[in-house]
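Trainee: Questions regarding the structure given below will be posed in turn.
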Amino acid sequence: MIWNEPKECMSRDEMHHLQSARFKSVINRVYHNVPFYRKKMQQIGIEPTDIQTIEDIVSLPFTTKQDLRDNYPFGLFASPKSEVVRFHASSGTTGKPTVVGYTRKDIEIFSEVVARALACAGATKEDTVQVAFGYGLFTGGLGLHYGAEKLGAAVVPISGGNTSKQLQLLQDFGSTVLASTPSYAAHLSESMTESGIDASKLPLRIGIFGAEPWTPALRKKIEESLEITAFDIYGLSEIIGPGVAVSCKAQDGLHIAEDHFFPEIVSPETLQPLDVGKTGELVFTTLTKEAMPLLRYRTRDLSSLNDSPCQCGRSNIRMAKIYGRSDDMLIIRGVNVFPSQVESALLEIPEAKPHYQLIVDRQGTMDTLEVQVEIDDKCFSDELVQLSQINKKIKHHIESILGISVILKLVEHKTIQRSEGKARRVIDRRV
Amino acid sequence: MIIQQLSVFIQNESGRLVNVTEILYDAEINISALSIAETEEYGILRMIVSDTEKAAEALRANSYKVRITDVICMITPDVPGALNKCLKSLATEGINVSYMYGYSNGGKARLIMKTSDPERAAEILFPPIN
């Protein structure tokens, strides 16, 4: 089902007009309400009247996470506090948290785009949605919650963690949709096997997974083990939260709710806009946000855009599945390494499981990359010779994909921390 | 005779063996033979225990990866050449011994060996008495 056909299927021309009109009004809003943006625009000599169409966006400055931190907590708000009805914030593990605010209309749009995403995945008001994203300052839990309610589905607001309760409610409530991080879905499926629960007997049919990068191979693995169809939901709190984009049944990219969030792809090095189809850093401008509109926000996520028609019938532009973050990229001995490459490599080896951790270190002047992989039933042998053969097989496969040598370390089952939020895959001891 | 051996994957770190033996103690499992094959990072702990299934279950419940394997258990006289004689008879038949461990006490030697073909090895080592 297409939740909002007029907006999700409009022609490229109509979309262009709508985006241009909304862009002009958001420029007015930030110019008159956010000193940070007014100053930036004045510095480069741009007045709101200079902005005529969405193409004029290229003349505007970027916004970064650092700008949000510098203006902590409410410096970038464009609405008076009396209009704000909710706050969310990032975890702030790498500095001050970044705070975002929502007016009542912002929450309505947030719910609308999540409802679109759920409908795009095939959910209807008949469904029961188990929201296993964390509730709280993180946008995942409440975002999915409001969107599922807007759709008319029944919400199980269990939040993240508490795996045995998750399994119990999946069975007892007969949840048909699971919303969580992909690594937590993988963990749930593993726990299901351990508790002897037969996934095929559960009514669960749809998975909405996001908040961390994951590979098509992991999607396939989760789909097979949980016997569901899995969809990728993308979002970030700075822009609104989950629902900025979602994959459809064609599984060929994620449709962006571009009537609300205007996407660009730029080169992470030069910041020059790149053509449709080219890979670079994803940048969003909010077109309708009231409380905290952002211009050209650099997501650090790497993707590409595709504006060709989609077989699902939606005309909204698609972004490719995120294949990494420009700031997650590790440079080891001069080679670019993404944690997702290791995950893909592991999923291609039947003996390995995708539970891994990367430890980057420096010995003398030499960078080392240690890949810790958990031992699995399929690869554990009582003979050292066989274990070392499996060790070598995994090592060679990872090395052939990364192009650098790695230290492969088999570790005991369940010694790598399972994430109930975002998985921490990399420990960089060089910094 | 052919008996069952329990193998456990453990990291080569202090305290890991304590943890395994603690779990077996709690499950009231007695260990009658044991050997460790180790690498720099991990080890394989191989044991003959009083109740293999129960021990495996207790370890699995604590997230250990375990494997149950058929091995040969034999008793030889504790004299020079006894082991050599057994191994020769296996080698003649092309049976490979992957690993073995044992001890001698009171005039007898007890040996555990993992072979490429446990059933054939048992036939060779313990011929039926006619």
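The values are calculated or read from the model by the stated rules, or taken from the named source; none is laboratory data. Everything quoted here is computed from the prediction, not taken from an experiment. All Cβ positions, even for glycine, are placed from backbone atoms using ideal geometry, and neighbour counts span all protein chains on display. What goes into the accessible areas is simple: the full protein's heavy atoms, side chains included, and nothing from ligands, DNA or RNA. Shrake-Rupley method; radii C 1.70, N 1.55, O 1.52, S 1.80 Å.
Trainee: Could you state the accessible area per residue of the stretch B:1-64 in Å², with a 1.4 Å probe and every protein chain left in place?
Mentor: 52 Å²
Trainee: How large is the accessible surface per residue of the stretch B:70-125, computed with a 1.4 Å probe and reported in Å² as a whole number?
Mentor: Accessible area per residue: 57 Å².
Trainee: Okay, moving on. Tell me the label-point distance for the pair A:V85, A:I407, using the 7 Å Cα-to-Cβ offset, in nm and rounded to one decimal.
Mentor: Roughly 5.5 nm, to one decimal.
Trainee: Working from Cα positions, state the angle (0 to 90°, nearest 10) between the long axis of helix B:82-92 and the longest principal axis of chain B.
Mentor: 80 degrees
Trainee: Pull up the DSSP beta bridges for chain A and report the antiparallel fraction as a percent, rounded to 5.
Mentor: Close to 60 percent.
Trainee: Could you work out the mean count of beta carbons from other protein chains within 10 Å of each residue's beta carbon in A:385-392?
Mentor: Whole-number average of other-chain Cβ neighbours for A:385-392 is 2.
Trainee: What ranking do B:44-51, B:95-102, A:252-259 get when scored by the average of other Cβ atoms within 10 Å per residue, highest first?
Mentor: Working: B:44-51: 19.6, B:95-102: 16.2, A:252-259: 22.6.
The packing order, highest mean first, is A:252-259, B:44-51, B:95-102.
Trainee: What Kirkwood hydrodynamic radius, in Å, does the stretch A:1-325 give when the mean of 1/r is taken over all pairs of distinct Cα atoms and then inverted?
Mentor: One over the average 1/r among Cα pairs gives 20.1 Å for the stretch A:1-325.
Trainee: Around A:A119, what is the net charge, scoring Lys/Arg as +1 and Asp/Glu as -1 over all other residues with Cβ under 14 Å from its Cβ?
Mentor: Numbers: positive: A:K7, A:R116, A:K125, A:K150, A:K249, A:R314; negative: A:E5, A:E8, A:E112, A:E126, A:D127, A:E149.
Spelling it out: positives minus negatives among the neighbours equals 0.
Trainee: How far is helix A:104-120 tilted off the main Cα axis of chain A, in degrees rounded to 10, range 0 to 90?
Mentor: So the helix axis and the longest Cα principal axis differ by about 50 degrees.
Trainee: Want the number for A:H32 to A:T229: 0.36 nm per residue separation, take away the alpha-carbon distance, what's left? Show your work: numbers first, answer last.
Mentor: On the way: separation 197, 0.36 × 197 = 70.92 nm, distance 4.59 nm.
Extra length from A:H32 to A:T229 when fully extended: 66.3 nm.
Trainee: How do A:R300, A:R425, A:R104 stack up against each other in accessible area, from largest to smallest, with a 1.4 angstrom probe?
Mentor: A:R104, A:R300, A:R425
Trainee: A further question on this structure: In the neighborhood of A:D361, defined by Cβ-to-Cβ distances under 11 Å, what is the net charge if each Lys or Arg adds +1 and each Asp or Glu adds -1?
Mentor: Within the 11 Å Cβ shell, the charges total 0.
Trainee: Give me the aspartates and glutamates in straight-line cross-link reach of B:K54: C-alpha distance below 17 Å, same-chain residues under 8 apart excluded.
Mentor: Correct list for B:K54: A:E194, B:E22, B:D26, B:E28, B:D70.
Trainee: For a quick protection proxy, order the peptides A:311-317, A:288-294 by their average other-Cβ count within 10 Å, most packed first.
Mentor: My ranking of the peptides, most packed first, is A:288-294, A:311-317.
Trainee: Under a cut-off of 29 Å between alpha-carbon atoms, report the lysines in cross-link reach of A:K39, not counting same-chain residues fewer than 8 places apart.
Mentor: A:K24, A:K65, A:K81, A:K96, A:K105, A:K289
Trainee: Let me confirm one metric for peptide A:405-415, namely the mean number of other chain beta-carbon atoms within 10 Å of its residues' beta-carbons.
Mentor: Counting other chains' Cβ atoms within 10 Å and averaging over A:405-415 gives 4.
Trainee: Right, another one. Quick check: from the Cα gyration tensor, does the stretch A:297-371 come out rounded (a/c under 1.5), prolate or oblate?
Mentor: Oblate.
Trainee: Next up: Looking only at other chains, what is the average number of their beta-carbon atoms within 10 angstrom of each beta-carbon in B:4-12?
Mentor: 3
Trainee: So how do A:K24, A:K125 rank on accessible area, 1.4 Å probe, biggest first, that is with the largest at the start?
Mentor: The ranking, largest first, comes out as A:K125, A:K24.
Trainee: Let me ask something additional. For the stretch B:2-68, max minus min Cα coordinate along each principal axis, in Å, sorted largest first?
Mentor: Here the Cα extents, ordered largest to smallest, are 30, 26, 17 Å.
Trainee: Provide, as a two-decimal number, the C-alpha radius of gyration of the stretch A:124-178 over 2.2 N^0.38 Å, N being how many residues it has.
Mentor: 1.04
Trainee: So which residues of the stretch B:26-58 lose at least 30 Å² of accessible area, probe 1.4 Å, when you go from the chain by itself to every protein chain present?
Mentor: B:E41, B:Y42, B:I44
Trainee: Can I ask one more? What number, in nm² with one decimal, is the all-direction average of the projected area of the convex hull of the alpha-carbon atoms of the protein assembly as shown?
Mentor: Mean projected area for the protein assembly as shown: 32.7 nm², to one decimal.
Trainee: Using a 10 angstrom cutoff on alpha carbons, build the Gaussian network for chain A and name the most mobile of A:K378, A:K353, A:K395.
Mentor: Largest GNM mean-square fluctuation: A:K378.
Trainee: Calculate for chain B the 222 nm mean residue ellipticity that helices alone would give, adding -39,500 (n - 2.57) per DSSP H run of length 4 or more and normalising by residue count, nearest 500 deg cm²/dmol.
Mentor: When only DSSP H runs of four or more count, the value is -9000 deg cm²/dmol.
Trainee: Angle check, please: helix B:16-26 long axis (alpha carbons) against the longest principal axis of chain B (alpha carbons), in degrees 0 to 90, nearest 10.
Mentor: Helix B:16-26 sits roughly 90 degrees off the main axis of chain B.
Trainee: Hey, how many Å between the Cα centroid of the stretch A:337-359 and the Cα centroid of the stretch B:59-117?
Mentor: Spelled out, the Cα-based centre of one part sits 37 Å from the other.
Trainee: Next up: Amide H to amide H, which residues 5 or more places from A:F261 or on other chains are under 5 Å from it, using H placed in the peptide plane?
Mentor: Long-range HN contacts for A:F261: A:L287.
Trainee: Continuing with this model, one more query. Give me the percent of the accessible area of chain A that comes from carbon and sulfur atoms, probe 1.4 Å, all protein chains in place.
Mentor: Result for chain A: 50 percent of the exposed heavy-atom area is carbon or sulfur.
Trainee: Let me ask something additional. Excluding residues fewer than 8 places away in the same chain, name every one of the lysines whose C-alpha is closer than 21 Å to that of A:K392.
Mentor: Counting by Cα, and skipping residues close in sequence, A:K392 has these lysines nearby: A:K353, A:K378, A:K409, B:K65.
Trainee: Counting protein heavy atoms only and a 1.4 angstrom probe, how many square angstrom of accessible surface do chains B and A bury in total, to the nearest 100?
Mentor: Counting protein atoms only, the buried area is about 1900 Å².
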